[in-house]
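Computed from the coordinates by the stated procedures, all read-outs in this text should not be read as laboratory data. Just so it is clear, the model here is predicted, and its values are computed rather than measured. We place every Cβ from the backbone using ideal geometry, glycine too, and count neighbours over all the protein chains shown.
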Amino acid sequence: MLNIVFYFQVHQPYRLKHYNVLDIASGSDMFDDPLNGLVMRKVAEKCYLPTNKLLLELIRQHEGRFKVSYSITGTAIEQFKLYSPETLDSFKALVDTGCVEIIGETYFHSLAFLYESNEFLDQVMMHRKLMKDEFGYDTVTFRNTELIFQDRLSDLVYEIEGFKTILTEGVDRILQWRSPLYAYKNYSKDINMLLKYYQLADDIAFRFSNRDWPEYPLTVDKFVNWIDHLTLSENKGRNQFLNLFMDYETFGEHQWAESGIFEFMRHFPAEVLKRPNLGFAMPRETAELANYQQESLSFPEPVSWADEQRDLSAWLENDMQHNAIETLYDLFEKIKARGDEKLLRTARLLSTSDHFYYMCAKYFQDGDVHKYFSPYDSPDQAYIYFINACAELEERLLR
Amino acid sequence: MKILMFTWEFPPLISGGLGMACYGMIKALLSQGIKIDLVLPTKEFVYFPMREPSDADTLPVVFVDQEKHSVYTKKTFSTLHERMDYIGITEQPESYFQLADIRRDSVALKREYWLSETVNLEERELWQEMTTNLIGDEDLIRKVQEYTLRAERLARTMDYDLIHAHDWLCYPAGMLARKIGQKPLIVHIHATEFDRAGGPGDERIHKIEHAGMTYADKVIAVSQYTAQMIMSRYRIDTAKIRIVHNAFSVPEDAVVSKERIFTGPVILFLGRITLQKGPDYFLEMAERVLAVHPEARFIMAGTGDMSRKLLRRSASLKLRNRFLFTGFLNRKQVERVLRASDIYVLPSVSEPFGISPLEAMAFGITSIISKQSGVAEVINHAFKIDFWDTDLWVETINHLIENPQKRVKMGIDGMHEVNRIQWDEAAEKIRLLYSGTLAEYIRQA
C-alpha cells in the first residue's frame, strides 16, 4: 500500500516597514500593518478560503479516506484574527472533521534552532499551546521552519514529550540509493521520520503552471499514473509513504486559480482512491503503518526544502544575512536577562525566517523566487531596514 | 547688472554641495542688487528670472515656449512642491530631465558651423576641444548635450551683461553664450574631474574643463587647494584665477538644537558615497573605534556608486547594528540627522571645498576634516587630518568619545566660527569680480 501524505505549510510573517535610521527612537511602529493586512486579506481570498472550502468538501465526500495535515505558524494565526477571522474558522472546521492533523513547529517560524536552543524550545512550546487553545489539538508531529533538519534537532524535539514524528526534505545527498517512500528513524532511532518526495511535490508546487515544462499540462490522470508506477518495485507488502509537502499558498496564490490547480485538486482524491493500492494517511498514523524495521538516517549537516541546494543558503549565506541574524540573537540574550516581555515579543517577531530570506542575494533561478516574495526592492534594502529595527530594539533596552 | 547663470543643481534639486553653494551665493548676490536669470537641467524648458532675495526660495519661472508659459500662468498650485513637480524638479536627483525627454534628432551640436565661426586658431582649438569631447552615448553626456542646445537658444533671445557657469556640465553652455552674446564669461570651479574621480577620471571631461576655463575671461576657484589644482593640472593662466571660498548660512527655519536618536555617541559621514569622499576610510575607522567603543553608532548618510560595496563590507566586518545607512536624505532629513550627531567626519581624498562640514559645525557638531580639502583653509575650530592617516582619525574619534566636555566645547567654538562665515562676504567678492571683468571686457572691445 502506498499512502499519500499531504502536508501544507501555512505561514505569514509580520513584514517590516521601510524602517529608516531617522525612524529609530521616533516611536513609530516597525511593522508594516497596512501591508500585512493587505497581504493576509489577499491570500485569504485567493488561497485560504477557497482551498479550505474545497478540502472540506473532499473530506466529507470521501468519508474519512482523504486526509491532509497542516502546520500553521503563530504569526499566521495572529494575523488571521486581525485581518481574516473567517479563515481561522474555516481551519477549525477542517480540524473538526478528524481527517486533518495539525503539526507542531516554532510559533514564529524562526531559525532559533540554529542559534539558541532554549529560545527554540520556548517557541515550540508556545506553538504547541496555541494549537491546543485554538484547535483543541495535541501536536505529535514536528516540522522545523522550512523543513530545516539536522541530527541535533531530533535530540531537542525528543526532549519535548509527545513528539513522535518529524518531517523533513528527502535530500539526495542524505538518501543516496535509498527511497524517500519509506518511513525512517532519526540517527538515534528515537523518532519516526518522513521525507518529502520533492520531484512530485514540486511538480504541483512549482511546475504546475509552467508552460515550458515538457509535462505541461499536469492532469490528474497523468499524475496518479506516475504515483501508481512508484509502487511497482514494492512487492513485500511494506507500507510506503509518498510525502507531498508544500506551501499551502501553492493553491490559488503561487499557482493561480486560472492555472486549473483547484480543478486538479478537486479530482485528485477520487482518482487515487479508485486504485486499490493507493490511499491517504496523516503523519501521525505513519509510525504504526510502518510494518518493517525502519532504517535510521544521519543528518550531520542541516538540510531544508529551499532552493536547489536544499541547505541553509536561502537564509544564511551572505554577510548581510549572517550579520543580521547574529545581531538579533545577541540582543535576545540581553532582552531575556532584562525580562522585558514587550521587547522579547518584538525580538521574536524579528526572528521570523522570512526577514533573512529577503536578504538573499543568490543570482540564478532561485533569486527570482526570493524576489517574488520580498516586499522590498533589493536584498540590501531588506538588510538596512532589519538592522535599523535591531538598532531600535537595542535603544529600547538602554532607555 | 544682469547675469545669465548656468548651473546643474539648485534646491530643491540637490544632490550635493554645488546646489547648496549656488543657493547661498545667488541669494546673497540678489540682496546686493545683482539680477540673475538661472538655467537648470529642468524637465521643462524654462529659466528662473531672479530679482529679489526671496526669489531664491520661491523660484519664479518662465517657460521658453510662449504657449506653455500661458498655460502655466493660468494654473494655480497649492504648494511650491506641486509647482516644482510641474516644472520637473523635485528633491530627488532622478528628477533631472530624463533621456526620454530628450529629442533624439536634436542632440548634435552644429559642430561644423561653430568651427567656421571661430576667429582665430586659438579659439578654433578650444571649440574643437569642447565639441569633440561632448560626444558620447552615456546618460550624462547626452544630458549635457541637451542642456547646451537649450543654452544656445537662450543665449540668442535673452539680454544679459555677463555669463556665469558652474562646473564642467555647464561650460559648453557658457562657451556658447559667450560666443553668441559677445559677453564675458566667468566659470566657477567647484570640483574638477581629478577630485571627483579620485584618479585620472574621464579624459573627455578634462578636455571640456580645460576648454571652458581657457575660453573664460575669469575663473573662480572655491579654495587655494583648487586654484593650485587648476594651475598645475590644467595650466590655466594664474592672472585669470580668483579664489572665493564658499560659506554657509543656516536656513532661517532650521532648528539646530540636539535631538538624540541614539544614547551612545554618534559619528556621522554625510555626502555622496563615492571614492572622492573617502567612505572606505570611514568604514575602517568605524571598525577600529567600535572595537574600543561598542556603544558608538556610525551613520553613513547619502547615496553613491560605492553604497552597495560599503554596505556589504560593513556586514562582512560584523559591525552588527552599529554601522547604519540612511540612503538619500532630503534637506529636512539632513537637518534631523545633524541634530542627532556628535562627531562629523569628512575623510575626503580630494575636496575642492566641502560645504558639508560648515553645515555640521553650524549645528554645533565637532568636526574632523581631511587636510586635502578647501574648507580646511577657512576654519580653525576643527581637527584637520590627512585622509590616509587612519591611525590618527581613530585616535581622535576615541579621544572625543572619551572626553565629552572637550567635544562639546570644540563644537560650540566651531559653531561660533562658522556663523561668521557668511555668503554676503563671498558674494561681495563675486560682485566686484563681475564689474571688474565687465569693465575690462568693454575696454578690450
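Among the listed pairs A:Lys17/A:Lys362; B:Lys277/B:Lys318; B:Lys68/B:Lys332; A:Lys189/A:Lys236; A:Lys185/A:Lys336; B:Lys183/B:Lys429, those whose Cα-Cα separation exceeds 25 Å are B:Lys68/B:Lys332; A:Lys185/A:Lys336. For region A:289-387, just say rounded, prolate or oblate: build the C-alpha gyration tensor, square-root its eigenvalues into a ≥ b ≥ c, call rounded for a/c under 1.5, and beyond that prolate if a/b exceeds b/c, oblate if not. Verdict is oblate for region A:289-387. Phi angles across region B:292-298 convert, under the Karplus curve 6.51 cos²θ - 1.76 cosθ + 1.60 with θ = phi - 60°, into 3J(HN,Hα) values of 9, 10, x, 6, 6, 10, 10 Hz, Gly and Pro given as x. Farthest toward the positive end of the dipole of chain A, out of A:Asn235, A:Trp177, A:His322, is the Cα of A:Asn235, where the dipole comes from beta carbon charges about the Cα centre. 3J(HN,Hα) along region B:383-396: 7, 10, 9, 4, 4, 8, 8, 4, 3, 5, 4, 5, 4, 5 Hz, from the Karplus curve 6.51 cos²θ - 1.76 cosθ + 1.60 with θ = phi - 60°, whole Hz, x for Gly and Pro. Straight Cα distances below 17 angstrom link A:Lys274 to the aspartates and glutamates A:Glu63, A:Asp221, A:Asp228, with same-chain residues fewer than 8 positions distant left out. Seen against the Cα atoms of chain B and their longest principal axis, helix B:17-31 is set at about 60 degrees.
Cut-off is 10 Å between beta-carbons; in what order do A:His254, A:His355, B:His69, B:His416 appear when sorted fewest neighbours first?
Going from sparsest to densest Cβ surroundings: B:His416, B:His69, A:His254, A:His355.
Defining a contact as two alpha carbons under 8 Å apart and six or more residues distant in sequence, what relative contact order in percent does chain B show? All intermediate terms of the calculation are to be shown ahead of the outcome.
Numbers: 804 pairs, mean separation 63.8, N = 445.
About 14 percent, as a whole number.
Residues B:Ile87, A:Ile261, B:Ile135, ranked from the fewest to the most other C-beta atoms within 10 Å, line up as B:Ile135, B:Ile87, A:Ile261.
Note that chain A shows a convex hull volume over its alpha carbon atoms of 136 Å³ per residue.
For A:Val5, the residues 5 or more places off, or on other chains, whose built amide H falls under 5 Å of its own are A:Leu242, A:Asn243, A:Leu244, A:Ala281. Both radii are taken from the alpha-carbon atoms of the protein assembly as shown; with Rh as the Kirkwood radius, Rg/Rh is 1.09. Translational diffusion coefficient of region A:194-261 (Stokes-Einstein, Kirkwood radius from Cα pairs, 10 °C, 1.306 mPa s): 120 µm²/s. As I understand it, the value is the acute angle between the Cα axis of helix B:404-419 and the longest principal axis of the Cα atoms of chain B; what does it come to in degrees, rounded to 10? Here the helix axis deviates by roughly 20 degrees.
For the set B:Lys240/B:Lys384; A:Lys53/A:Lys222; B:Lys384/B:Lys409; B:Lys371/B:Lys406, the pairs lying more than 19 angstrom apart at their alpha carbons are B:Lys240/B:Lys384; A:Lys53/A:Lys222; B:Lys371/B:Lys406. Between region A:142-186 and region A:8-59, the C-alpha centres lie 29 angstrom from each other. In the structure shown, the pairs B:Lys2/B:Lys143; B:Lys110/B:Lys207; A:Lys81/A:Lys334; B:Lys110/B:Lys143; B:Lys43/B:Lys207 are assessed against 21 Å; a Cα-Cα span above that value is assigned to B:Lys2/B:Lys143; A:Lys81/A:Lys334; B:Lys43/B:Lys207.
When the dipole is taken about the Cα centre of region A:2-289, and only Lys, Arg (+1) and Asp, Glu (-1) are charged at their Cβ, what size is it in debye, to the nearest 20?
Once rounded to the nearest 20, the dipole reads 800 debye.
Helix-only arithmetic for the protein assembly as shown: the sum of -39500 (n - 2.57) across DSSP H runs with n ≥ 4, divided by the residue total, places the mean residue ellipticity at 222 nm at -14000 deg cm²/dmol. Counting Cβ atoms of other protein chains within 10 Å of each residue's Cβ and taking the mean over peptide B:318-331 gives 5.
Working note: Cα atoms of region B:127-270, range along each principal axis, descending, whole Å: 59, 36, 36. For the protein assembly as shown, the share of DSSP beta bridges that are antiparallel, to the nearest 5, is 15%. Of the GluC sites (Glu not before Pro) found in region A:253-357, those in coil by DSSP whose Cβ has at most 12 other Cβ atoms within 10 Å are A:Glu295, A:Glu308. Here's the picture: charge each Lys and Arg Cβ at +1 and each Asp and Glu Cβ at -1 in region B:276-315, and of B:Thr303, B:Phe282, B:Val292 the one pushed furthest to the positive end of that dipole is B:Thr303. For region B:266-419, the square roots of the Cα gyration tensor eigenvalues, ordered a ≥ b ≥ c, give a/c below 1.5, which places it in the rounded category. Given +1 at the Cβ of Lys and Arg, -1 at the Cβ of Asp and Glu and no other charges, the dipole of the protein assembly as shown around its Cα centre is 1040 debye to the nearest 20.
Close amide H partners of B:Phe298, meaning residues 5 or more places away or on another chain with modelled amide H under 5 Å apart, are B:Ile267, B:Phe323, B:Leu324. Helix A:85-96 and the longest principal axis of the C-alpha atoms of chain A enclose an angle of approximately 40°.
Charging the Cβ of each Asp and Glu at -1 and of each Lys and Arg at +1, and nothing else, the dipole of region A:264-399 about its Cα centre rounds to 680 debye.
Computed on chain B, the Cα convex hull volume stands at 142 Å³ per residue. Of the residues B:Glu203, A:Glu249, B:Glu295, the one with the fewest other Cβ atoms within 10 Å heads the list, and the complete ranking is B:Glu203, B:Glu295, A:Glu249.
Rounded to the nearest 0.05, the FRET efficiency derived from the C-beta distance between A:Ser298 and A:Leu35 at R0 = 41 Å is 0.45.
Among beta bridges identified by DSSP and lying wholly in region A:2-289, the antiparallel ones come to about 10 percent. Distance from the Cα centroid of region B:131-196 to that of region B:372-445 is 28 Å (rounded to whole angstrom).
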